Amino acid sequence: MITNFLLSIAVLLLASFALGEVFERFGLDAVIGYLLAGLLLGPSILKLVNPHIVEDFALVGAVLILFMAGLKEENAAQIYTNKKAVSIGIALLLGTFAAVFITLFIMGSFNLMQIIFFALAFAVVDLGVPAKLFLSLGLLDTEYGRSALNAGVINILFGFSALVGLTLFFNPTASAIAMKLLGIGIFAGLFFGLHALINKISQKVALFESEAVQFTLAFVLVLFLAYLTEALGFSSILGAFLGGVVVARTRFASTQKFADSIKAISLGLFVPLFFGWFGLELMLWGPEGIIANIVPALILLAVAVSTKFIIAFVMSKRQKLKYPGIIAASVLSLDVESLVILLLALQMGVFVDKSAISIFAPAVPFTTLIISILFVVFRKKYNIKERGAKEPVPSSLHMHHYHKYLKKHRA
Amino acid sequence: MVNKLLTARDIMFRPKIVHPRDPIAKLKRILKTTEDTIIVINKRGKFLGEIHEYDLLKLIVPEQEISEEEVVGILGMGYDRGFIAKDARDLMHAHDFVAAPDTPIPNLALIMYKEEIRAIPIIKNKKVVGVVHLRNLIKCIHKP
């Protein structure tokens, strides 16, 4: 086991990047590679990196993920006007939540709060994998591509709104709820105050010559809001999200340099570390491990996937959307969004051991596989051709081959 | 070297204006003329953002070459609508870098240089009265 902090970070980062890149090359989500890197290096297999050493770094990663989500939130407002997307997104959330809730209730191994958090984690959808598939086929700019994305955004936004509500009712004694409501009041005052004043404040911030100073001040604001929400009894990552919403209104947030700075530090460092750490926390063996929990994991996966597919297929068909099979397949993926919900539940002490992560973990690679297979099946069924695919250009050509190539393509 | 006495008023043009719901076809028609940046305003005349011809590239680049993170980010709480744009608001680069008519030219250049924007709306009484494009500024350079 590596005991040095710097070496632990370096090894985890390198392995995450390497596996993430391999998964990307095969058209899969890099996040699965990061998780697998953590699983390989962690206590279950190679025993090289101790999860507790990188835990604090991973927390900053979670804060940054939510901060970046907050920056994008402004863009989502337009989607609310799309009635079809709103109805599919909400039906998916409620229907899947109910189905997983009932299944877990029948299983009888979890308390009410654990069931609620689990059901929510399975009810939200992921946009990364379907977006990747649509892009790889050149089908994003189609009616069904747009419908799938819009329904997904609505599902995620409502899912995270429900999550905020849940944090209020965790540990529901009257005094605890009263304290949290007071906390919400204070935080809301601060949030809306900042929201209203941020443009004036940011004009002063924009006076700073260096973009680095603007970035630092934005990051300090986010960390401060994250700390404040934690001190008020909520999760820090909720504060980070609201921090992102506030910062998105600033003048400097609209500049390319700011976006590039955030992207580099998040996607290049903290995000792989966060998911790598999540992988480190995964256990293969023992009563809390993936193997011991594979049966409930597969049951929940089957319930969530079949419910989502039926709801999305039936509703798309009723709303006369083209290719309902493709839309239904694209809402099946479970990934980052659900992991963040479970992380928040772990942070709040809803789950006392790691079996929750072990039950959920198989859903990430399995749903990616299912959605990829269904895309192939429905493309064949509907006869959907890949759009805008480029002719492959051989990398090394002899001259006569090159002239043949030119002749063919000029013709 | 530029004439430091010149201000935005001396070089600004009447802006080509669209509204957020205007279709892509209208943007294409405008960009066929000499303009390279379109100003987007709301019904009350308030400046919302700009669309440079560069922004329309998003509609042409092969989707296969775009990473999903560019489109949906990490958590899918919104996405870049530029790649599936239907109207001006989907392509618009929203910002609020504006200037008054008496802003000296070096200051306009500084805003464009620092903020990586290609046109600055000139605002008087909260309404857009003109626009200074990058090319207008370049014309002001007097160097042998």
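The values are calculated or read from the model by the stated rules, or taken from the named source; none is laboratory data. Note that the structure is a prediction, hence the values are computed from the model and not measured. As a convention, Cβ positions derive from the backbone with ideal geometry for all residues, glycine included, and neighbour counts pool all protein chains shown. Please note that ligands, DNA and RNA were not included when accessible areas were found on the heavy atoms of the full protein model with its side chains. Shrake-Rupley method; radii C 1.70, N 1.55, O 1.52, S 1.80 Å.
Applying 1/(1 + (r/R0)^6) with R0 = 25 Å to the Cβ-Cβ distance of B:Asn125 and B:Arg21, what FRET efficiency is obtained, to the nearest 0.05?
On the way: r = 25 Å, r/R0 = 0.99.
Taking R0 as 25 Å, the efficiency between B:Asn125 and B:Arg21 is 0.50.
So if we plug the beta-carbon distance of A:Gln319 and A:Arg25 into 1/(1 + (r/R0)^6) with R0 = 60 Å, what FRET efficiency do we get, rounded to 0.05?
So, using R0 = 60 Å, E works out to roughly 0.95.
Using a basic spin-label model with each label point 7 Å from the Cα along Cα→Cβ, how many nm lie between A:Ile291 and A:Asp56?
3.5 nm
Roughly how many whole Å is it from the C-alpha centroid of segment A:35-69 to that of segment B:64-119?
Value for the Cα centre distance between the two parts: 34 Å.
Suppose accessible area is computed on protein heavy atoms with a 1.4 Å probe; arrange B:Ile60, A:Ile186, A:Ile45, B:Ile66 from highest to lowest. Walk me through the numbers before you get to the answer.
Details: B:Ile60 125, A:Ile186 100, A:Ile45 70, B:Ile66 20 Å².
My answer, sorted largest first, is B:Ile60, A:Ile186, A:Ile45, B:Ile66.
Quantify how strongly other chains surround peptide A:139-151 by giving the mean number of their Cβ atoms within 10 Å of each of its Cβ atoms. Walk me through the numbers before you get to the answer.
Values: counts 1, 8, 7, 1, 1, 0, 3, 4, 0, 0, 7, 3, 0.
Average per residue, whole number: 3.
Kindly express, to the nearest 10 degrees and within the range 0 to 90, the angle between helix B:105-115's C-alpha long axis and the longest C-alpha principal axis of chain B.
20 degrees
For B:His142, B:His95, B:His19, what's the largest-to-smallest order of accessible area, 1.4 Å probe? Kindly include the intermediate steps, with their values, before the conclusion.
Values: B:His142 120, B:His95 15, B:His19 75 Å².
Highest to lowest solvent-accessible surface, that is B:His142, B:His19, B:His95.
In whole Å, what is the distance between the alpha-carbon centres of segment A:106-169 and segment A:324-379?
With segment A:106-169 and segment A:324-379 each reduced to a Cα centre, they are spaced 9 Å.
Quote the relative contact order of segment A:298-383 in percent (integer), defining contacts as alpha-carbon pairs under 8 Å separated by 6+ residues. Spell out each step's value before the answer.
Numbers: 55 pairs, mean separation 29.3, N = 86.
Contact order relative to length: 34 percent.
Simple spin-label model, 7 Å along Cα-to-Cβ: A:Leu182 to B:Tyr113 in nm?
Inter-label distance under the simple model: 5.4 nm.
Whole-Hz ³J(HN,Hα) for each residue in segment A:347-355, computed from phi via Karplus 6.51 cos²θ - 1.76 cosθ + 1.60 with θ = phi - 60°, x for glycine and proline: what do you get?
Calculated HN-Hα couplings, in order: 4, 7, x, 5, 9, 8, 10, 8, 5 Hz.
Please report the accessible area of B:Arg89 (heavy atoms, 1.4 Å probe, ligands and nucleic acids excluded) in Å², nearest 10.
Its heavy atoms expose roughly 50 Å² to the probe.
Mind checking the full-extension length gain between B:Leu59 and B:Asp10? Use 0.36 nm per residue of separation minus the Cα-Cα distance, one decimal, nm. Can you show the working numbers first?
Values: separation 49, 0.36 × 49 = 17.64 nm, distance 3.52 nm.
Between B:Leu59 and B:Asp10, full extension yields an extra 14.1 nm.
Let me cross-check A:Glu230: its accessible surface, 1.4 Å probe, with only protein heavy atoms counted, in Å² to the nearest 10?
Estimated to the nearest 10 Å², A:Glu230 gives 90 Å².
In percent, how large is the relative contact order of segment B:8-138, given Cα pairs closer than 8 Å and 6 or more residues apart? Present the calculation step by step, with values, prior to reporting the outcome.
Numbers: 209 pairs, mean separation 41.4, N = 131.
So the answer I get is 32 percent.
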